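First the structure, in the form of structure tokens, and then the observations on it.
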Amino acid sequence: MYSDSDAAALYDTLNPWGDNDAFYLAHVLRARAALDVGCGTGRLLHRARDAGHPGRLTGIDPDRAALDRARRRTDVEWVEGTAADIGGQAEFDLATMASNAFQCLVSDEDLHASLTAIRAALTDDGRFVFETRNPAAEQWRDWHPGNAVDVTDRHGRELRVLHRVESAERGLVTFTETTATRDGVPLRTDRATLRFLTEPELRAALAAAGFTVADVRGGWHGEPLTDTCLSIVVTAEPAGAPAR
Ligand SMILES: C[S@@+](CC[C@H](N)C(=O)[O-])C[C@H]1O[C@@H](n2cnc3c(N)ncnc32)[C@H](O)[C@@H]1O
């Protein structure tokens with residue numbers, strides 16, 4: 001009723017460029033070689049190339065429809081796979097996971113395998129920059145049909161996108177996203193589970209994979225992290241990295 005390809009295009013419509021994207025773009029433009037993990041439709045690396053990044057840009061994502069959209073540009077390297085599949089060895093001085101892609105790492109095993117693979121892909125002076133929704137802010141409480149969003153897709157279809165939380169316990173939130181007509185006829189429903197880690201849990205997971213935390217913020221402009229911040233923005237470095 002509503003194809004994967006249309007859903008990938010709708011993601012870009014629903015998520016216009018914002019301060020979070022500008023934050024990551026600034027990091028990418030300072031990097032020699034950047035790996036965007038969970039790159040989705042590729043818009044961060046598209047922008048980086050548009051802005052004149054001269055070096056290596058690689059995006060990896062397991063979602064083929066999103067990656068097909070990314071592949072509309074061929075001046076960036078696109079890889080179909082998960083974070084744990086990253087095979088690179090010390091090739092990148094920056095890895096990013098933008099727009100809460102980090103929260104797709106749900107099980108302890110996948111989290112550890114993914115972080116270990118990202119660490120292995122980084123040079124010793126590299127950085128891993130990502131954000132994850134702050135569990136203290138409990139944003140999933142806003143994911144209900146009363147907050148449905150009306151949107152017009154690339155074919156001019158008038159749609160309504162709404163969320164329903166099925167469960168929220170022990171840091172795991174399972175929810176559905178339904179794309180419907182404006183009068184409520186469902187066209188597709190996707191189900192997902194996201195993991196919400198606290199700052200101490202993030203630090204422990206990163207340390208177990210060979211990272212130290214260089215910086216933790218509560219937003220895109222250097223805000224200190226408090227319980228009301230929506231995001232935890234983390235910069236991690238390989239453990240034992242030389243002082244800079
Ligand atoms: C919310 S989207 C963010 C996409 C993109 N980073 C952006 O800024 O628009 C999360 C992305 O993470 C990807 N993803 C899911 N599981 C993943 C995994 N295990 N490793 C890497 N990426 C994953 C999804 O396919 C999806 O494209």
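The values are calculated or read from the model by the stated rules, or taken from the named source; none is laboratory data. Predicted model, so just to flag it, every value in this text is computed and none were measured. Here Cβ is always computed from backbone atoms with ideal geometry, including for glycine, and neighbour counts include all displayed protein chains. Only protein heavy atoms, including side chains, enter the accessible area calculation; ligands, DNA and RNA are left aside. Shrake-Rupley method; radii C 1.70, N 1.55, O 1.52, S 1.80 Å.
Leaving out ligands, DNA and RNA, and with a 1.4 Å probe, what % of the accessible surface on the chain is carbon or sulfur? Solvent-exposed carbon and sulfur of the chain make up 50 percent of the total.
What the chain shows is 48 Å² of accessible area per residue, with the surface traced by a 1.4 Å probe over protein heavy atoms. Within the listed set Ala137, Ala98, Ala120, the Gaussian network model of the chain (springs between alpha-carbon atoms below 10 Å) gives the highest mean-square fluctuation for Ala137. Here the calculated FRET efficiency for Arg32 and Asp4, from their Cβ-Cβ distance with R0 = 41 Å, stands at 0.75, rounded to the nearest 0.05.
Each residue, Ala207 and Leu14, gets one label point 7 Å from its Cα in the Cβ direction; the gap between the two is 3.7 nm. Say a paramagnetic label sat at a point 7 Å from the Cα of Glu80, along Cα to Cβ; which residues of region 87-124 have their backbone N under 19 Å from it? In region 87-124, the label zone of Glu80 (backbone N under 19 Å from the point 7 Å along Cα→Cβ) covers 87-88. For the chain, adding -39500 (n - 2.57) for each run of n ≥ 4 DSSP H residues and dividing by the number of residues yields -7500 deg cm²/dmol at 222 nm. One compactness figure for region 136-195 is 1.22, namely its Cα radius of gyration divided by 2.2 N^0.38 Å. What's the angle, to the nearest 10 degrees (0 to 90), between helix 4-14's Cα axis and the longest principal axis of the chain? Here the helix axis deviates by roughly 80 degrees.
Within region 68-160, the GluC sites (Glu not before Pro) that combine a DSSP coil assignment with at most 15 other C-beta atoms in a 10 angstrom radius are Glu138.
Summing charges over neighbours of Val233, with a neighbour being any other residue whose Cβ is under 12 Å away from its Cβ, gives -3 when K and R count +1 and D and E count -1. Sequence-distant contacts, meaning Cα pairs under 8 Å at least 6 residues apart, place the relative contact order of the chain at 17 percent.
In the distance distribution for region 173-244, Cα-Cα pairs more than 16 Å apart total 65 percent. Taking each residue as 0.36 nm, the span from His144 to Arg170 lengthens on full extension beyond its C-alpha to C-alpha distance by 7.4 nm. When the convex hull of its Cα atoms is viewed from all sides, the chain shows a mean projected area of 13.1 nm². These residues, Arg170, Arg191, Arg64, go from largest to smallest accessible area, 1.4 Å probe, as Arg170, Arg191, Arg64. One chain, two ends: Gln89 and His112. Fully extended at 0.36 nm per residue, the span grows by 6.6 nm beyond their Cα-Cα distance.
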